[in-house]
Amino acid sequence: MASDVYVLDAVRTPIGRYGGGLAGVRPDDLAAHVLREVVRRSPELDPARIDDVLLGNANGAGEENRDVARMAVLLAGLPPTVPGATVNRLCGSGLEAVIGASRAIAVGDASICVAGGVESMTRAPWVLPKPEAGYPRGHETLHSTTLGWRMVNPAMPDAWTASLGECTEILAERYGISRDEQDTFAVRSQRLAARAWADGAYADEVSPVPGTELERDESVRPETTVEALARLRPVFRPDGSVTAGNSSPLNDGASALLLADRAGAEAAGRTPLARIVSRAVAGIEPHLFGIGPVHAAEEALRRAGIGWSDLAVVELNEAFAAQSLACLGLWKELDPAIVNPQGGAIALGHPLGSSGSRILGSLAWQLHRRGGGLGLAAICIGVGQGLAVVLEA
């Protein structure tokens, strides 16, 4: 019989903008900070009791390239007997790490795990492919690893390797999502994020990184208006509707959740924030990646034995406004008012490998503060996938 799996705590860094407040911090140090902090906040927990650490990372090409989870364990000062593994499901990597750790606990392979994710898009390196033959005479090309496709396999259909922005334009066109709708959604995200910070809603989950001056999410722009966004030019098509203002920015950050079964929670001296009820993953054609969460969320709800009307809060990662609106349009029974009540990635930021665990941690804290209820976290993933997890507090 599977064990119940609980979220005991959730911690994240403030999210830095590209080249901003966290630009000087290595990704392995960002990850080490949240590991150190999530353990510190449970003083009764013997760190040697942690069975595994799983962290998501979408890049893996720079300073995080040698299994960043294991490096973070060592840098955080945890016992070297604590193992660590890094997983990659692109934008869903942080949520994938939580799902993997929760499954290990559920089947009895572990009692206490830490799971989360990290990304420094600022510090993502350029990479140079090896030449096919020695002493090449022509120019060689450096590829940025910050975001998206590079060194594409020529066997891949062109439609599947379009940029994420172009794929979002396809969704906007397919589902009739206007520029004004996208800009209005983006402004909502900004205003809710600013209000959440003003109300202290992020105080429990955000831990500033020592040696930096960043205390809040750096991409939040409370002064943003629909009129101001309307003046921005489309980025991916001259006649398109996707702009920098209605898209998530490039960011740096890390997040971690402390997970345990009932015995692990007692050993840590913690009352759980929430219980993991169900999980689901789905695939879709790569150019439709933005609606990847649709089937994943529906399957997670089915496995939980509940419907949309049973949910108190939904955290949907906002890669793009049009992508989020496409999902909401397909979830006919979901009340959009309960989606991202504290703002989403358009305002808060989207450090790829951390975003999935960030939304799940935020969901756990929101349900805890409400005194109970059901919630769902869902995220779209480049190359056509989606993940979803249901929590109960």
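The values are calculated or read from the model by the stated rules, or taken from the named source; none is laboratory data. Everything numeric here is computed off the predicted structure, so don't read it as measured data. Don't worry about glycine lacking a Cβ; one is built from the backbone with ideal geometry, like all the others, and counts go over all protein chains shown. These accessible areas exclude ligands, DNA and RNA; they are computed on the full protein's heavy atoms, side chains included. Shrake-Rupley method; radii C 1.70, N 1.55, O 1.52, S 1.80 Å.
A few comments on the model shown:
- Of all the residues in the range 18-72, those that are in contact with a Ser or Thr (Cβ under 7 Å, 6 or more places away or on another chain), assigned to a helix (DSSP H, G or I) and open to solvent by less than 10 Å² (accessible area, probe 1.4 Å) number 5.
- Residue within the range 315-332 that is in contact with a Pro (Cβ under 7 Å, 6 or more places away or on another chain), among the aliphatic types (A, V, I, L, M) and open to solvent by 10 Å² or more (accessible area, probe 1.4 Å) present: yes
- Among the residues listed as 41, 17, the single one being modelled with pLDDT of 95 or more and closer than 29 Å to residue 107 by Cα: 41
- Checklist (1) at pLDDT 95 or above; (2) in a loop (DSSP other than H, G, I, E, B); (3) touching a Pro at 6+ places or on another chain (Cβ under 9 Å); (4) not basic (Lys, Arg) applied to residue 118, failing item: (2)
- Taken as a whole, the structure places residue 238 among residues that are in a loop (DSSP other than H, G, I, E, B), without any contact (Cβ under 8 Å) to a residue 40 or more places away in the chain and open to solvent by 40 Å² or more (accessible area, probe 1.4 Å).
- Restricting the range 89-112 to residues that are open to solvent by 20 Å² or more (accessible area, probe 1.4 Å) and under 11 Å from the mean Cα position of the chain (by Cα), the residue that is farthest from residue 66 (Cα to Cα) is 96.
- Test: residue in the range 212-235 that is under 24 Å from residue 160 (Cα atoms), more than 25 Å from the chain's Cα centre (by Cα) and of a type in the set (Asp, Glu): no
- Test: residue in the range 369-382 that is part of a helix (DSSP H, G or I) and modelled with pLDDT of 95 or more: yes
- Selection count where residues are in contact with a Leu (Cβ under 7 Å, 6 or more places away or on another chain) and open to solvent by 30 Å² or more (accessible area, probe 1.4 Å), scope the range 73-88: 4
- From 280, 254, residue being touching a residue at least 60 places away in the same chain (Cβ under 8 Å), within 30 Å of residue 26 (Cβ to Cβ) and not in a loop (DSSP other than H, G, I, E, B): 254
- Taking the range 247-300 as the range and being more than 21 Å from residue 109 (Cβ to Cβ), among the small types (Gly, Ala, Ser) and surrounded by fewer than 20 Cβ atoms within 10 Å (Cβ to Cβ) as the test, the residues that pass are 269, 283.
- If the condition is being among the small types (Gly, Ala, Ser) and not in a helix (DSSP H, G or I), then the range 307-362 contributes 307, 312, 319, 343, 344, 349.
- Pairs linking a residue in the range 151-165 that is closer than 22 Å to residue 237 by Cα to a residue that is among the hydroxyl-bearing types (Ser, Thr, Tyr) and in a helix (DSSP H, G or I), with Cβ atoms under 6 Å and 6 or more positions apart or on different chains, are 152/161.
- Of the residues making up the range 173-201, those that are among the charged types (D, E, K, R), open to solvent by 80 Å² or more (accessible area, probe 1.4 Å) and either within 19 Å of residue 288 (Cα to Cα) or not in a loop (DSSP other than H, G, I, E, B) (or both) are 173, 174, 180, 181, 191, 195.
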